[in-house]
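Structure first, then comments.
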Amino acid sequence: MLSRRAWLHTGGVLTAGAAVAVGRPATARPVSPSAAGGAPLARLALNENPFGPSPSAVRALGRRAVQLARYAGAEAAEFSTLAAAREGLSVEQMVLGEVLDPLGVLLGLDGGPGGEIVYSVPGYTALVDAAARVGGVGVPVPLDPRLENDLPALRARIGPRTRALFLVNPHNPSGTVSDAVALRAFVREVAERTLVVVDEAYLDFGDDFASRTCVALTRAGANVAVFRTFSKLHALAALPFGYAAMPAPLAGRLRERGVGEPRSLDALALAAAGASLGDTRYAAVTRAKVAAERARWHEELDARAIRRTDARGNFVFFETGRPHADVAAAFLAEGVVIGRAFPPLDHWARVSIGLPDENARARAAFEKIFRRP
């Protein structure tokens with residue numbers, strides 16, 4: 001399972017952050033193991049955004065760093081107000097933090113052991129895994145032939161023991177998005193039967209965010225929770241932080257359990273996320289850079305007639321025709337680390353979008369590994 005919880009020591013964050021200039025990635029990079037020949041490995045496995053965070057976020061980190069002796073306080077309320085305004089919701093509907101784990105535990109405990117969460121496989125399973133730790137049961141549903149969430153099949157698995165339907169859109173690892181109109185109609189219908197949790201971690205990599213987000217259904221009063229993270233487009237993976245927009249009663253149940261309580265939150269993450277949320281220009285520039293690099297990958301794959309998905313996040317997903325372990329080892333021999341295997345799609349590979357030079361190295365490795373006969 002992939003985790004969004006990776007910690008980088010504060011000193012390292014600030015050192016690298018101080019090197020960030022407007023529109024440029026940091027020149028100081030974390031030390032990586034070296035490939036043959038001494039070059040650092042191109043780490044294209046975890047869907048990180050190597051273009052770096054907003055300079056506004058870096059400046060906010062510096063300001064907050066001089067107050068490390070203080071817990072988070074008023075800034076949590078300020079962030080909630082900012083996020084609520086962005087989503088068009090009330091502050092009572094916002095829960096701050098990496099919410100999927102505590103929400104999964106809450107759902108796993110609801111009604112006693114055996115409550116079910118319906119979800120797509122292969123996929124990101126944080127909510128399901130958390131529920132399983134307290135007796136919840138995951139109900140996996142395979143992706144459809146286009147490697148999209150299979151909406152009819154998911155609907156068919158909802159029953160009297162269902163506590164929630166968990167959707168990731170764009171999906172991970174396929175990167176596919178469901179048709180916006182069909183998805184909203186589907187979520188609206190299912191939300192009349194059970195809670196629908198939509199993880200939109202990668203949705204803001206697209207220019208059509210506003211037309212695709214399911215938060216409009218939450219705004220309209222549907223039983224829908226939408227999760228967002230700052231680890232992807234906002235490039236704050238070393239300071240894991242996000243929030244969820246949800247019905248006020250559900251948000252209240254989480255807050256009663258201490259979820260999102262200011263002193264439980266990382267003050268540095270709050271400061272950086274708040275500043276990044278307001279820097280829409282930098283987000284747009286980063287989005288365009290990722291899209292351009294992703295398009296180069298898709299052109300390469302199409303030129304070789306290699307089956308791929310229409311990935312919309314900061315990664316590509318393509319069919320390899322050979323076991324994932326062999327492909328990953330071949331990339332590693334060329335100094336490139338790619339994503340893990342996603343059974344049963346073990347003849348597919350996910351490669352994250354890196355910096356242009358890293359992507360060029362990865363495509364050169366790809367051309368060598370998949371050399372035309």
_Members of segment 341-373 found to be touching a His at 6+ places or on another chain (Cβ under 8 Å) and surrounded by fewer than 17 Cβ atoms within 10 Å (Cβ to Cβ), listed by number_ = Asp346, His347
*Taking the stated definitions as given, is Glu300 in contact (Cβ under 8 Å) with a residue 24 or more places away in the chain, within 21 Å of His171 (Cβ to Cβ) and part of a helix (DSSP H, G or I)?*
no
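Any idea which residue in segment 175-188 is surrounded by the fewest Cβ atoms within 10 Å (Cβ to Cβ), counting only those that are over 17 Å from Asn47 (Cα atoms) and not small (Gly, Ala, Ser)?
For segment 175-188, the residue satisfying everything is Val181.
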*Does Ala69 satisfy being more than 21 Å from the chain's Cα centre (by Cα) and either buried (at least 21 other Cβ atoms within 10 Å of the Cβ) or in a helix (DSSP H, G or I) (or both)?*
no
*asked:* Going by what's in this entry, would Arg340 be described as of a type in the set (Lys, Arg), at pLDDT 95 or above and farther than 19 Å from Phe370 by Cβ?
replied: yes
*Examine segment 195-205 for a residue that is acidic (Asp, Glu), in the same structural domain as Ala153 (by TED's automatic domain parsing) and crowded, with 24+ Cβ neighbours inside 10 Å, and state whether such a residue exists.*
yes
_Being touching a residue at least 60 places away in the same chain (Cβ under 8 Å) and not in a loop (DSSP other than H, G, I, E, B) narrows it down to one residue among Val316, Val327, Val259; which is it?_
Val316
*Can you run down the residue pairs with Cβ atoms below 9 Å, 6 or more apart or on separate chains, where the first is in segment 62-73 and more than 17 Å from Leu239 (Cα to Cα) and in the same structural domain as Leu239 (by TED's automatic domain parsing) and the partner is exposed (fewer than 12 other Cβ atoms within 10 Å of the Cβ) and of a type outside the set (S, T, N, Q)?*
Gly73/Arg263
*How many residues are small (Gly, Ala, Ser) and buried (at least 24 other Cβ atoms within 10 Å of the Cβ) if we restrict to segment 153-174?*
2
*Filter result for the condition that a residue is within 16 Å of the chain's Cα centre (by Cα), surrounded by 19 or more Cβ atoms within 10 Å (Cβ to Cβ), among the small types (Gly, Ala, Ser) and more than 20 Å from Ala311 (Cβ to Cβ), over Ala251, Ala238*: Ala238
_Looking only at segment 98-130, count every residue that is surrounded by 20 or more Cβ atoms within 10 Å (Cβ to Cβ), outside any helix (DSSP H, G or I) and either in the same structural domain as Phe317 (by TED's automatic domain parsing) or of a type in the set (A, V, I, L, M, F, W, C) (or both) and tell me the total._
3
_Out of the residues in segment 131-152 meeting the condition of being in contact with a strand residue (DSSP E or B) (Cβ under 8 Å, 6 or more places away or on another chain) and buried (at least 20 other Cβ atoms within 10 Å of the Cβ), tell me which one is farthest from Gly339 (Cα to Cα)._
Gly136
*asked:* Any residue in segment 211-237 that is at negative phi sitting within a Cβ distance under 6 Å of a residue that is buried (at least 24 other Cβ atoms within 10 Å of the Cβ) and of a type in the set (Asp, Glu)? List the pairs, counting only those 6 or more apart or interchain.
replied: Phe227/Asp199
_Criterion (out of contact with any Ser or Thr (no Cβ under 7 Å at 6 or more places or on another chain) and not hydrophobic (A, V, I, L, M, F, W, C)) met by exactly one of Gly260, Gly242_ = Gly260
*Restricting attention to segment 160-167, does a residue exist that is in contact (Cβ under 8 Å) with a residue 60 or more places away in the chain and in the same structural domain as Leu82 (by TED's automatic domain parsing)?*
no
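Looking at segment 135-147, can you tell me whether even one residue there is assigned to a loop (DSSP other than H, G, I, E, B) and in contact with a His (Cβ under 8 Å, 6 or more places away or on another chain)? Before you say what the answer is, go through the steps one by one.
Taking segment 135-147 and keeping what is assigned to a loop (DSSP other than H, G, I, E, B), we get 135-136, 143-147.
Then keep just the ones that are in contact with a His (Cβ under 8 Å, 6 or more places away or on another chain); that gives 143, 147.
Yes.
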_Out of Ala291, Ala275, Ala271, I need the residue that is closer than 21 Å to Pro356 by Cβ, at pLDDT 95 or above and either out of contact with any strand residue (DSSP E or B) (no Cβ under 7 Å at 6 or more places or on another chain) or not in a helix (DSSP H, G or I) (or both). Which one?_
Ala291
*In segment 76-97, what residues are buried (at least 19 other Cβ atoms within 10 Å of the Cβ), farther than 20 Å from Leu127 by Cβ and not hydrophobic (A, V, I, L, M, F, W, C)?*
Ser80
*Looking only at segment 183-200, decide whether some residue is under 30 Å from Ile353 (Cα atoms) and among the small types (Gly, Ala, Ser).*
no
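The values are calculated or read from the model by the stated rules, or taken from the named source; none is laboratory data. Model, not experiment: these values are computed from the prediction. Note: ideal-geometry Cβ built from the backbone for every residue, glycine included; neighbour counts use all protein chains shown.
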